[in-house]
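First up is the structure itself, then whatever we jot down about it.
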Amino acid sequence: MTIRITGTGSALPEKIVTNFDLQELVDTSDEWIQKRTGIAQRRVSTGETVSTLAAKACQKALEMSGKTVEEVELILVATCSPELLLPCCACQVQDSIGASNAVAFDLNAACAGFLFGLNTAYAYLQSGIYKNALIVGSEVLSKLVDWNDRGTCILFGDGAGAAFVEAAEADIVCENGRRAGLECIVQGSDGAKGMVLSCVERTLNSAFFSGNKIENLFIQMDGQEVYKFATKQVPACIQQALDKSGMTVNDVDWFLLHQANVRIIESVAKHLKADIAKFPMNIHDVGNMSSATIPVLLDACCRSGKIKKGDRIVLSGFGAGLTYGASVLVW
Ligand code: COA
């Protein structure tokens with residue numbers, strides 16, 4: 001038994017914010033941002049929320065899969081920027097799309113959230129508890145970013161991506177002889193390095209009791225530490241996943257990586273000795289959308305026909321926690 005992704009969808013806010021727009025806010029330049037990160041523009045919410053974006057992405061994924069909303073059994077929303085603490089975003093999505101038969105809950109593994117969601121769904125589906133799941137990565141990071149901090153505000157964007165996964169009872173053999181479905185997962189966490197990328201929770205009562213002012217409510221990041229972590233851990237966990245599934249880099253058609261920085265993606269390709277042409281990217285247009293980056297990219301590659309039946313794909317990401325993971329699957 002394995003699981004297959006049978007539908008993908010995505011949703012982005014309307015508003016585009018370019019690097020030139022950011023030049024008006026902070027001391028930066030389009031040239032610096034493009035050279036250091038590969039980002040030219042990002043989407044920023046002007047009213048769209050984590051749950052409205054997630055619901056739209058889910059509807060598109062369901063439409064592609066051909067399943068009805070009543071058939072959905074599990075909804076997992078990966079987010080670190082929900083609009084409410086209670087109820088969780090997944091329950092808002094359930095209500096919004098009318099998936100009244102589904103169990104719904106959120107998980108937070110930051111930018112690795114979609115992968116962690118996929119792996120959680122895999123465990124549920126493989127054990128037979130549920131037969132299908134909607135997995136969503138959705139973020140409105142623009143509300144967590146300090147728009148006066150040039151070190152972070154240039155990096156992030158808002159958006160949502162979803163995948164509908166189903167338990168594949170019978171083997172589906174593709175024309176190239178590969179068996180469709182998830183082949184292997186690897187995931188890890190390194191809490192000891194957690195504070196290199198953090199954001200304090202808004203309802204801390206310490207300020208009330210101690211009278212201490214909370215210094216910064218926005219995302220705090222040691223960019224170079226995150227960079228070092230990503231360029232070491234991502235190729236290592238991809239290699240581990242390939243070893244576990246008995247594959248080599250040459251057996252992979254596409255590497256869909258978390259879109260945090262073009263230089264990180266290029267470094268991973270170099271470490272793996274893989275052709276950079278196998279690493280589709282959308283960071284130029286949408287920036288780093290945390291848990292949404294991988295499913296939005298997957299949806300684009302799937303709808304454009306870049307990813308074809310039988311292609312072997314590696315999904316890999318890293319994020320606050322610190323968290324990281326890789327999944328190998330045949331489309
Ligand atoms: N525009 C212009 N200059 C900027 C700038 C900006 N937006 N941000 C920082 N700088 C300046 C710094 O102040 C520093 O100036 P100084 O040399 O006078 O002190 C200089 O540029 C170099 O800064 P540094 O932090 O060393 O740059 P970098 O090459 O490490 O690039 C990041 C910064 C953030 C792009 C890079 O570290 C990175 O991508 N890290 C990973 C972050 C990440 O992926 N986070 C999300 C994880 S999910």
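The values are calculated or read from the model by the stated rules, or taken from the named source; none is laboratory data. Treat the numbers as computed from the prediction; the structure is a model and nothing was measured. Positions of Cβ are backbone-derived with ideal geometry, glycine not excepted, and every protein chain shown enters the neighbour counts.
Could you list, in sequence order, all residues of region 277-307 that are assigned to a loop (DSSP other than H, G, I, E, B) and either polar (S, T, N, Q) or within 12 Å of the ligand (Cβ to nearest atom) (or both)?
Scanning region 277-307 gives Asn282, Gly287, Met289, Ser304.
So Cys237 ticks every box in (1) under 20 Å from Asn108 (Cβ atoms); (2) modelled with pLDDT of 95 or more; (3) more than 16 Å from the ligand (Cβ to nearest atom) but one. Which box is left unticked?
(3)
Does region 137-155 contain at least one residue that is touching a strand residue (DSSP E or B) at 6+ places or on another chain (Cβ under 6 Å) and within 17 Å of Thr6 (Cα to Cα)?
yes
For region 1-101, list the helices (runs of 4 or more DSSP H) that sit wholly inside it and hold at least 1 residues that are touching a helix residue (DSSP H, G or I) at 6+ places or on another chain (Cβ under 6 Å), away from the ligand (no atom under 16 Å from the Cβ) and within 25 Å of Val286 (Cα to Cα); which are they?
In region 1-101, 50-65, 89-97 are the helices (runs of 4 or more DSSP H) which contain 1 or more residues that are touching a helix residue (DSSP H, G or I) at 6+ places or on another chain (Cβ under 6 Å), away from the ligand (no atom under 16 Å from the Cβ) and within 25 Å of Val286 (Cα to Cα).
Can you find a residue in region 259-267 that is modelled with pLDDT of 95 or more, under 19 Å from the mean Cα position of the chain (by Cα), small (Gly, Ala, Ser) and within 16 Å of the ligand (Cβ to nearest atom)?
yes
If a residue has to be surrounded by fewer than 18 Cβ atoms within 10 Å (Cβ to Cβ) and either assigned to a strand (DSSP E or B) or touching a Lys or Arg at 6+ places or on another chain (Cβ under 6 Å) (or both) to count, how many in region 102-137 make the cut?
Of the residues in that region, 2 qualify.
Which is under 18 Å from the mean Cα position of the chain (by Cα) and in contact (Cβ under 8 Å) with a residue 12 or more places away in the chain, of Ala99, Ala11?
Exactly one residue qualifies, and that residue is Ala11.
Conditions first: (1) over 14 Å from the mean Cα position of the chain (by Cα); (2) crowded, with 24+ Cβ neighbours inside 10 Å; (3) assigned to a strand (DSSP E or B). Val328 passes all but one, so which condition is the exception?
It fails just one condition, (2).
Is it the case that Gly310 is part of a loop (DSSP other than H, G, I, E, B), in contact (Cβ under 8 Å) with a residue 60 or more places away in the chain and more than 15 Å from the ligand (Cβ to nearest atom)?
yes
Which ones in region 246-276 are in contact with a Pro (Cβ under 9 Å, 6 or more places away or on another chain) and either part of a helix (DSSP H, G or I) or surrounded by fewer than 17 Cβ atoms within 10 Å (Cβ to Cβ) (or both)?
Correct list: Ser267, Val268, Ala269, Lys270, His271, Leu272.
Restricting region 186-202 to residues that are among the β-branched types (Val, Ile, Thr) and under 16 Å from Ala230 (Cβ atoms), which is surrounded by the fewest Cβ atoms within 10 Å (Cβ to Cβ)?
Val196
Can you pull out every residue in region 288-308 that is more than 13 Å from Gly161 (Cα to Cα) and among the hydroxyl-bearing types (Ser, Thr, Tyr)?
Answer for region 288-308, where residues must be more than 13 Å from Gly161 (Cα to Cα) and among the hydroxyl-bearing types (Ser, Thr, Tyr): just Ser304.
Could you list all residues from region 247-281 that are in contact (Cβ under 8 Å) with a residue 60 or more places away in the chain and over 24 Å from Gly159 (Cβ atoms)?
Those that are in contact (Cβ under 8 Å) with a residue 60 or more places away in the chain and over 24 Å from Gly159 (Cβ atoms): Met247, Asp251, Val252, Asp253.
Looking at (1) out of contact with any Ser or Thr (no Cβ under 9 Å at 6 or more places or on another chain); (2) of a type in the set (Val, Ile, Thr); (3) buried (at least 17 other Cβ atoms within 10 Å of the Cβ), find the lone condition where Val44 falls short.
(1)
So in region 157-181, with the set limited to residues that are surrounded by 23 or more Cβ atoms within 10 Å (Cβ to Cβ) and outside any loop (DSSP other than H, G, I, E, B), which one is farthest from the ligand (Cβ to nearest atom)?
Phe164
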